[in-house]
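Asks: Can you keep this structure in mind? I'll have questions shortly.
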């Protein structure tokens with residue numbers, strides 16, 4: 001075998017071994033954790049990850065790029081000549097979306113590593129609006145109901161698949177998301193939810209997970225009464241517990257519900273459950289809070305998600321991920337949280353595989369508060385006035401957000417980008433979103449005009465800019481690296497999640513599975 005090929009395969013095996021070692025170090029030995037390789041590449045060979053150093057480098061990089069785009073010249077000014085090579089038909093993970101009030105064709109989409117993109121034609125075409133900022137991981141987006149040009153975005157990845165997707169708090173836009181200003185006095189780290197008062201846009205609430213890499217007090221619930229200039233921490237649970245979700249009654253904005261989650265994520269441990277998975281309620285606009293029980297779980301649980309009726313502030317749903325990282329219970333209250341009733345989730349037992357901490361969100365239709373949706377590997381829908389569940393949408397795996405518009409249109413996001421539905425059974429995938437999270441691009445000596453690249457959530461991709469919307473997937477799952485036999489164009493290897501290497505002798509028509 002060619003010496004260079006041997007070296008490349010050795011490198012692949014080194015990464016494979018390293019990934020397995022990382023999994024064994026995790027306190028819960030989580031299987032196939034999303035983005036583990038992404039973190040491993042940025043910390044190896046050190047067991048620790050210098051997240052502060054990484055953040056400084058990212059900030060410096062953004063400063064240089066911004067200066068170059070503004071024509072300051074200097075060393076490396078030709079960086080402005082980069083052109084997009086694709087793919088435009090394979091998007092990365094979209095965590096959050098928000099539709100502009102009064103205009104369902106204008107929406108913002110926030111990605112785990114690609115920043116914010118804006119569409120003004122109903123998710124057909126997109127353009128980036130957040131590239132100048134040091135943190136390109138987005139956790140939540142909220143438009144002000146009374147001012148469609150006012151919008152807030154929380155940074156960081158609330159799904160926390162990898163420690164490098166930390167955030168730096170909240171950003172504010174006064175031009176419907178075209179430009180952004182960082183709010184330096186606000187909460188820091190990962191922002192899981194932002195809510196704006198329906199009639200007073202100066203009042204804002206934020207649920208924060210903080211920095212999952214360290215234990216500190218900079219997490220929990222925050223409130224601002226001056227448009228985000230200053231903030232007050234209004235609820236704190238523990239130094240490893242953040243606020244995972246927050247909902248508000250539109251009918252009575254003084255009523256809010258919040259859920260908490262024990263979550264620490266670094267190279268030494270991965271805490272995904274604990275004693276602090278609690279639900280709280282406020283009846284005075286978030287100034288004071290009371291814990292709710294009345295039938296809710298009281299033991300060790302994981303991530304908790306909430307959904308509230310838009311017409312009845314007393315009807316709330318809470319879903320729990322248990323210590324096995326599977327759906328551990330779905331509960332409903334019709335009396336404002338005094339008592340809770342357990343609902344059927346038998347069909348959801350395998351909905352999250354064994355990494356339920358990556359999901360754990362529910363949504364309720366604003367026009368029918370019995371129309372309930374659960375996010376897992378698929379988007380699930382509960383039968384209205386029934387107890388059964390069925391898959392609500394066919395598309396990419398790993399569901400994360402769902403947005404309803406007044407006309408009945410729905411936007412759905414997952415690990416493959418954004419989808420749209422206008423009432424029909426099928427969903428249309430949105431293209432023109434260059435947000436794929438690539439680990440490595442490989443040169444193929446037999447097809448030098450094409451890229452072969454491994455992507456998080458999108459397998460091994462092949463294509464080029466000549467057919468920028470025609471990239472094809474050679475292998476599914478989380479793709480990492482490729483290696484090619486220099487003497488045989490039909491013979492090559494791919495590495496995917498868990499360090500598994502697969503081999504083909506017929507150009508990818510068939511594969512020999514397993515580590516080789």
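Asks: Could you tell me whether any residue of the stretch 129-148 is under 26 Å from residue 251 (Cβ atoms), out of contact with any strand residue (DSSP E or B) (no Cβ under 6 Å at 6 or more places or on another chain) and not in a loop (DSSP other than H, G, I, E, B)?
Replies: Yes, the stretch 129-148 contains at least one residue that is under 26 Å from residue 251 (Cβ atoms), out of contact with any strand residue (DSSP E or B) (no Cβ under 6 Å at 6 or more places or on another chain) and not in a loop (DSSP other than H, G, I, E, B).
Asks: Do we have any residue at all in the stretch 166-185 that's surrounded by fewer than 24 Cβ atoms within 10 Å (Cβ to Cβ) and within 19 Å of residue 287 (Cα to Cα)?
Replies: Yes: one or more hits.
Asks: Right, another one. Can you name the condition, by its number, that residue 321 falls short on among (1) more than 26 Å from residue 204 (Cα to Cα); (2) touching a residue at least 12 places away in the same chain (Cβ under 8 Å); (3) surrounded by fewer than 17 Cβ atoms within 10 Å (Cβ to Cβ)?
Replies: (3)
Asks: Those residues that are over 17 Å from residue 369 (Cα atoms) and either more than 18 Å from the chain's Cα centre (by Cα) or not in a strand (DSSP E or B) (or both), I need them from the stretch 245-254; list them, please.
Replies: Scanning the stretch 245-254 gives 253, 254.
Asks: Being assigned to a loop (DSSP other than H, G, I, E, B) and assigned by TED's automatic domain parsing to the domain that holds residue 261: is that true of residue 310 here?
Replies: Criteria met by residue 310.
Asks: Still on this structure: Got a number for residues in the stretch 429-470 being under 20 Å from the mean Cα position of the chain (by Cα) and at negative phi?
Replies: 14
Asks: Out of everything in the stretch 230-253 that is out of contact with any strand residue (DSSP E or B) (no Cβ under 8 Å at 6 or more places or on another chain) and under 15 Å from residue 313 (Cα atoms), what residue ends up being surrounded by the most Cβ atoms within 10 Å (Cβ to Cβ)?
Replies: Filtering the stretch 230-253 for residues that are out of contact with any strand residue (DSSP E or B) (no Cβ under 8 Å at 6 or more places or on another chain) and under 15 Å from residue 313 (Cα atoms), the one surrounded by the most Cβ atoms within 10 Å (Cβ to Cβ) comes out as 253.
Asks: Taking the stretch 121-164, which residues are more than 21 Å from residue 243 (Cβ to Cβ) and modelled with pLDDT under 95?
Replies: 131, 132, 133, 134, 136, 164
Asks: Among 385, 444, 414, which is crowded, with 16+ Cβ neighbours inside 10 Å and modelled with pLDDT under 90?
Replies: 444
Asks: Just checking, does the stretch 268-277 include any residue being surrounded by 20 or more Cβ atoms within 10 Å (Cβ to Cβ) and closer than 30 Å to residue 198 by Cα?
Replies: Within the stretch 268-277 (the criterion being surrounded by 20 or more Cβ atoms within 10 Å (Cβ to Cβ) and closer than 30 Å to residue 198 by Cα), the answer is yes, since at least one residue qualifies.
Here's the yes/no breakdown for (1) under 22 Å from the mean Cα position of the chain (by Cα); (2) under 21 Å from residue 320 (Cα atoms); (3) without any contact (Cβ under 8 Å) to a residue 12 or more places away in the chain:
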| position | (1), (2), (3) |
| --- | --- |
| 165 | yes, no, no |
| 175 | no, no, no |
| 228 | no, no, no |
| 259 | yes, yes, no |
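Asks: If you don't mind, another one. Quickly run through the stretch 497-516 and pick out the residues that are surrounded by 15 or more Cβ atoms within 10 Å (Cβ to Cβ) and free of Cβ contacts under 8 Å to residues at least 40 places away in the same chain.
Replies: Within the stretch 497-516, 502, 503, 504, 508, 511 meet the criteria.
Asks: Looking at 464, 444, 432 in this structure, which one is under 30 Å from residue 401 (Cβ atoms) and in contact (Cβ under 8 Å) with a residue 12 or more places away in the chain?
Replies: Only one candidate passes the filter, namely 432.
Asks: Something else about it: Is it the case that residue 118 is within 20 Å of residue 227 (Cα to Cα), surrounded by fewer than 24 Cβ atoms within 10 Å (Cβ to Cβ) and in contact (Cβ under 8 Å) with a residue 12 or more places away in the chain?
Replies: Taking the combined requirement at face value, the residue does not satisfy it.
Residue-wise test of (1) farther than 25 Å from residue 214 by Cβ; (2) surrounded by fewer than 20 Cβ atoms within 10 Å (Cβ to Cβ); (3) touching a residue at least 40 places away in the same chain (Cβ under 8 Å).
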residue	(1), (2), (3)
255	yes, no, yes
262	no, no, yes
284	yes, yes, no
287	yes, yes, yes
292	yes, no, yes
298	yes, yes, no
303	no, no, yes
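The values are calculated or read from the model by the stated rules, or taken from the named source; none is laboratory data. Keep in mind it's a predicted model, so treat the numbers as computed, not measured. Cβ: placed from backbone, ideal geometry, glycine included. Neighbour counts: every protein chain shown.
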